Amino acid sequence: MDYFGDVADVTLTYESGPFLYDDFPKTEEPVHLLGEKYSVLYDLEEIRDDVKSRLWFTYRKGFQQIGGTGPTSDSGWGCMLRCGQMMLAQALVTRHLGRGWRWHGKDEIYRKILKMFQDKKSSYYSIHQIASMGVSEGKQIGQWFGPNTVAQVLKKLVVYDEWSSLVIHVAMDNTVIQDDIKCLCKCRHGDDLGKCELRKSKKTQSGDCEPNFINYSASSSEASNTSDHQHISNTDVDTTKWKPLLLIIPLRLGLTDTNVVYVESLKKCLSFKQSVGMIGGKPNHAHWFIGYVGEELIYLDPHTTQLNVDLDDTMLKDESFHCQHPCRMKILELDPSVALGFYCGTEAEFDDLCSNLQINVTRRRTSPMFELHKERPIHWPPYEPYSANVAINHREMVVVDKQNCDSDDDFELVG
């Protein structure tokens with residue numbers, strides 16, 4: 001499987017998928033890719049171009065030691081970290097270039113996004129930063145991550161990316177709280193409860209509210225008449241009024257296997273225009289799922305070890321960051337621990353997502369995948385957005401032998 005002309009630069013690990021690809025099946029079933037709908041019979045080249053334009057992050061070898069004394073390759077343990085990178089990269093590409101962007105020729109903004117993921121400690125979303133930040137989540141360097149862990153780590157890292165002004169909300173306990181997310185995206189002081197205008201406004205409207213408790217008791221029509229709502233409501237891309245959102249929902253779709261009752265809801269979520277895919281896979285085998293066709297999921301596989309590429313060298317090409325052939329697997333072969341991702345660049349896009357979730361997912365008569373609430377349940381603790389005030393002590397980081405951490409038993413039970 002020589003993608004790039006020099007087999008010496010590519011190593012197939014023991015985890016690699018099939019050697020041969022049959023591309024997309026000739027079927028009348030529509031192909032859904034990251035919110036776009038295609039026909040294999042009429043749009044095959046467009047489908048291939050779309051897939052090839054996604055950023056593909058795989059195992060690498062020969063990079064700087066993680067933590068100064070750690071590994072120089074993530075082969076065997078970094079697949080979920082790479083899948084998290086791919087999901088976040090898709091959100092950033094949509095944020096800065098739009099969903100319709102394609103990988104054709106040079107693009108300075110694209111190159112800037114790509115360099116944010118290169119394997120060196122100075123890059124915002126490098127394997128070094130993700131693995132090191134994982135220590136704050138109880139993960140040693142070189143230890144396998146689950147979907148929820150990588151989501152929590154990325155949430156912490158995005159606060160340093162001022163150019164993107166992106167926020168990540170990780171919906172825990174199988175529950176999405178709309179008010180929490182709107183506060184996060186619309187408040188200029190998301191990490192300062194005392195200065196949050198939205199919180200203070202709602203506390204004023206609801207006199208019996210506990211301190212710092214979010215309670216948007218007014219209906220949508222009533223809220224639209226308040227001066228605060230009129231001031232902050234705007235569907236234009238304006239980060240002073242709405243910070244672009246990456247919503248990640250960790251889920252457990254069964255005890256040991258994916259339950260068939262969730263299949264249609266899962267497919268619906270992957271078809272929404274806000275979708276940036278799903279991370280999950282099989283034990284020892286994480287993937288980034290970008291869509292589906294029929295009863296098969298379409299994914300990019302990180303289990304190919306490639307040489308480190310220094311993107312600061314403008315002469316080096318970027319072909320190794322783009323996959324020519326996606327893979328497919330049966331939906332019911334999916335490990336039940338996954339994390340769905342949605343990008344909402346504006347409040348209107350978030351409202352549209354919530355509407356679609358209500359219609360297609362949370363109001364299903366049989367076992368909804370998760371719950372969607374406007375307000376935070378009264379018995380829950382107050383919502384506190386992540387604050388980047390605590391520095392990481394890299395000297396306390398521990399590096400572990402990957403031979404002791406090659407299992408995927410870390411897929412978390414969420415909720």
task = Starting from region 49-71, keep only residues that are more than 26 Å from Gln90 (Cβ to Cβ), then list their pairs with residues that are open to solvent by less than 50 Å² (accessible area, probe 1.4 Å) and aliphatic (A, V, I, L, M) whose Cβ atoms are within a distance under 8 Å, requiring at least 6 positions of separation or different chains.
result = Gly67/Ala131; Gly67/Ile141; Gly67/Met397; Gly70/Ala131; Gly70/Ile141; Gly70/Met397; Pro71/Ile141
inquiry  = Within region 99-157, take every residue that is in contact with a His (Cβ under 9 Å, 6 or more places away or on another chain) and aromatic (Phe, Trp, Tyr) and give me the one that is surrounded by the fewest Cβ atoms within 10 Å (Cβ to Cβ).
reply    = Trp103
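Could you go through region 148-171 and let me know if any residue there is more than 21 Å from Cys344 (Cα to Cα) and of a type outside the set (Val, Ile, Thr).
The answer is no; no qualifying residue exists.
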query = Which of the residues that make up region 135-161 are of a type in the set (Gly, Ala, Ser) and either under 16 Å from the mean Cα position of the chain (by Cα) or modelled with pLDDT of 95 or more (or both)?
reply = Gly146, Ala151
remark   = Residue set Met329, Met315; condition of a type outside the set (D, E, K, R), open to solvent by 60 Å² or more (accessible area, probe 1.4 Å) and either part of a helix (DSSP H, G or I) or out of contact with any Lys or Arg (no Cβ under 7 Å at 6 or more places or on another chain) (or both); output residue Met315
message = Which of the numbered conditions does Ala91 fail, given that it passes all the others? Conditions: (1) surrounded by fewer than 23 Cβ atoms within 10 Å (Cβ to Cβ); (2) within 23 Å of Glu349 (Cβ to Cβ).
response = (1)
request  = State whether the residues of region 309-325 include one that is of a type in the set (Lys, Arg), at pLDDT below 95 and within 28 Å of Arg252 (Cβ to Cβ).
outcome  = no
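The values are calculated or read from the model by the stated rules, or taken from the named source; none is laboratory data. Owing to the predicted nature of the structure, the values given are computational and were not obtained by experimental measurement. Reconstructed Cβ throughout: ideal geometry from the backbone, glycine too, with neighbour counts over all protein chains shown. For the accessible areas, the whole protein counts, side chains as well, though only heavy atoms, and no ligand, DNA or RNA atoms are used. Shrake-Rupley method; radii C 1.70, N 1.55, O 1.52, S 1.80 Å.
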